[in-house]
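Report on the structure given below.
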Amino acid sequence: MAGTGDLSGTIGAQPFFDGIDAELRDLLAGCAAPMDFADGDALIRTGVIARAFYLIRAGEVEVMVEPPAGPPIVLETLGPGDVVGWSWLVPPHRGAFTARARGEVEALAFDGACLLGKMEAHPALGFEMLRRFVPVMAHRLSAARLQLLDLYGPDVPRPEMLEAEPEEPPPAPAAAGVRAEAEAAKASLAIVKNRAEDEP
Amino acid sequence: MNAPLPDPMLPRVFRVEKVRRELSDTFTLEVVAVDGGDFAFLPGQFNLLYVFGVGAIPISISGDPADRSRIVHTTRAVGAVSRALNGLTVGDELGVTGPFGSMWPVEAAYGRDLVFVAGGVGLAPLRPAINFAMANRDRYGRVLVLYGARTPEDILFKKDLARWRGRFDMDVLVTVDRATGNWSGSVGVVTNLVLKGGFDPQQATAFVCGPEVMMRYGAQALEKRGIGRKHIWVSVERNMKCGCGLCGHCQWGPYFVCKDGPVFRYDRVAEMFSVAEL
Ligand SMILES: Cc1cc2nc3c(=O)[nH]c(=O)nc-3n(C[C@H](O)[C@H](O)[C@H](O)COP(=O)(O)OP(=O)(O)OC[C@H]3O[C@@H](n4cnc5c(N)ncnc54)[C@H](O)[C@@H]3O)c2cc1C
Ligand code: FES
């Protein structure tokens, strides 16, 4: 099993803990343990007490909601360097989502009760943890909102688009009649152009 | 005596040579000039496509700028004209004026990392710039394509994405909002991919294209990741009539999107992005 010295080094190498003080890193290492998950294993379950958070070192984790009827809906996939779970910070410490391993996952698990105790005793650690967790929480919240917005759908119709109900298009012109129509279109364009040129 | 210059307002007649169904509502037309001439354009530019007897709409060019023998357009059928375009088949003719508008500044970005951020059908107007970057690969640092779609079924240009991903000199990351079927890729909004980085923000230029709301959040994520507004470019859509700065139909604040855009440097338009219904 890895000693806290090794763990402290591993923690320091994670972007999430970038720049953290060596002393605080050692405190964190005292609450951490490497943990592996097999495909489909739950790291966190909706509604179940979740007193740990995980830092993914390898593999992927799916964050999902489980509607009462129907299959789970995956909201986000997380990968190496990402943290999973913040219920350990917020009473009543019950998982708000389910997080499952997609394939094999290597993670560092941090015991929430252990950490909260150390954060009380060492306010500098408390500050560091919140400073790092709050942006993650804010990002996940705004990402969830963006998903609700339907980022890739057509833009919200602008007023000028709503001027008239779009009519059913007439059938596409057959190739044969097209040239005459092209000539007519050219003629009307020429009129438009001349008008434009007339304007000061 | 000199021959008169061709009138840019008059549509040239093109014939549909190939139709590709991309998605349930999105299709690609490859068209060749009936007069046999070629067609040059810059990545990011658009044409006005005339379906005779129905109307004309602006559509970006989605083909390879190195291929002048044909024009490629990828369109989502949303209304009268785009649906009529969707009804065209091989051999049908349509009118084309253009190319119009500004380009993705691909040459000004030589020596820098390139980050393409696309959402939905927004990958189409970026494709010529990606093709250009691939053809001039040694002139750039890292090249990333970050693409978001609603579901796996809505992913455009799957073959291109697979081909680009197969290269060792570029990174292609695709994410969907909603996983369906046996999707084993990333789930989440495209801004998540931006925040993961993989480029040098001090040395990167980003081209962003998709629905306006996606571009706004995409540009914000790029800024958050450290890319300055002057190095972020977006492509804006507004209803158009003439396509060349005459009618004022596409006015957007101080700009005419057809001639000052559609590609804008983000620092020049960022404030307008947040004004509703402008
Ligand atoms: C410079 C430029 C480049 C463009 N490039 C492409 C492209 O490469 N591919 C492509 O599919 N489209 C592109 N568009 C958008 C395209 O021009 C519009 O979808 C088209 O004008 C709609 O016309 P219509 O007659 O089919 O629909 P309309 O009858 O005019 O509209 C029908 C419905 O579609 C909605 N709608 C109209 N325009 C848009 C829009 N831009 N986005 C979303 N919903 C819209 C309206 O709100 C309305 O509800 C581009 C637009 C511009 C300005
Ligand atoms: S479309 Fe006429 S001015 Fe832009």
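The values are calculated or read from the model by the stated rules, or taken from the named source; none is laboratory data. Remember, predicted model here, so these are calculated numbers, not experimental data. Note: ideal-geometry Cβ built from the backbone for every residue, glycine included; neighbour counts use all protein chains shown. Ligands, DNA and RNA are excluded from the accessible area calculation, which covers all protein heavy atoms including side chains. Shrake-Rupley method; radii C 1.70, N 1.55, O 1.52, S 1.80 Å.
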If you restrict to DSSP beta bridges whose two residues both lie in the protein assembly as shown, what percentage is antiparallel, to the nearest 5?
70 percent
Label point distance in nm, A:Val134-B:Arg68, each placed 7 Å from Cα along Cα→Cβ:
5.9 nm
Each residue of the range B:51-56 in turn: what ³J(HN,Hα) in whole Hz from Karplus with 6.51, -1.76, 1.60 and θ = phi - 60°, glycine and Pro shown as x?
9, 4, x, 10, x, 10
Solvent-accessible ranking of B:Trp183, B:Trp164, largest area first, probe 1.4 Å
B:Trp183, B:Trp164
Which one of B:Thr180, B:Thr26, B:Thr151 has the biggest mean-square fluctuation once chain B is modelled by GNM with Cα springs under 10 Å?
B:Thr180
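Can you sort A:His122, B:His73, B:His249, A:His139 by solvent-accessible area, 1.4 Å probe, largest first?
B:His249, A:His122, A:His139, B:His73
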The summed charge of the B:Ile57 Cβ neighbourhood (under 13 Å; Lys/Arg +1, Asp/Glu -1) stands at +3
Taking Cα pairs closer than 8 Å and at least 6 residues apart, the relative contact order of chain B in percent is 17 percent
Carbon and sulfur: what percent of the range B:61-168's accessible surface (1.4 Å probe)?
51 percent
Too-long pairs where the Cα-Cα distance tops 25 Å, listed order kept, from B:Lys18/B:Lys158; B:Lys159/B:Lys230; B:Lys18/B:Lys259; B:Lys159/B:Lys259:
B:Lys159/B:Lys230; B:Lys18/B:Lys259; B:Lys159/B:Lys259
Between the range A:1-52 and the range A:76-94, what is the separation of their alpha carbon centroids in Å?
12 Å
Which whole-number percentage describes the relative contact order of the range B:12-100, with Cα contacts under 8 Å and a sequence gap of 6 or more?
39 percent
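What is the calculated FRET efficiency for A:Val48 to B:Phe168, with r their C-beta to C-beta distance and R₀ = 41 Å, to the nearest 0.05? Let's see the in-between values first.
Working: r = 44 Å, r/R0 = 1.07.
The value I calculate is 0.40.
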Accessible area (Å², 1.4 Å probe, nearest 10) - B:Lys224:
150 Å²
DSSP-defined beta bridges in the range A:4-152 - what % are antiparallel, rounded to 5:
95 percent
Considering Cα pairs under 8 angstrom that are at least six residues apart, work out the relative contact order of the range A:4-152 and quote it in whole percent.
28 percent
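For chain B, give me the percentage of DSSP beta bridges that are antiparallel, rounded to the nearest 5 percent. Numbers along the way, then the final one.
Details: 34 of 57 bridges.
So the antiparallel bridges amount to about 60 percent of the total.
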Just to verify a number: what accessible area does A:Glu66 come out at with the full protein assembly present, 1.4 Å probe, Å² rounded to tens?
90 Å²
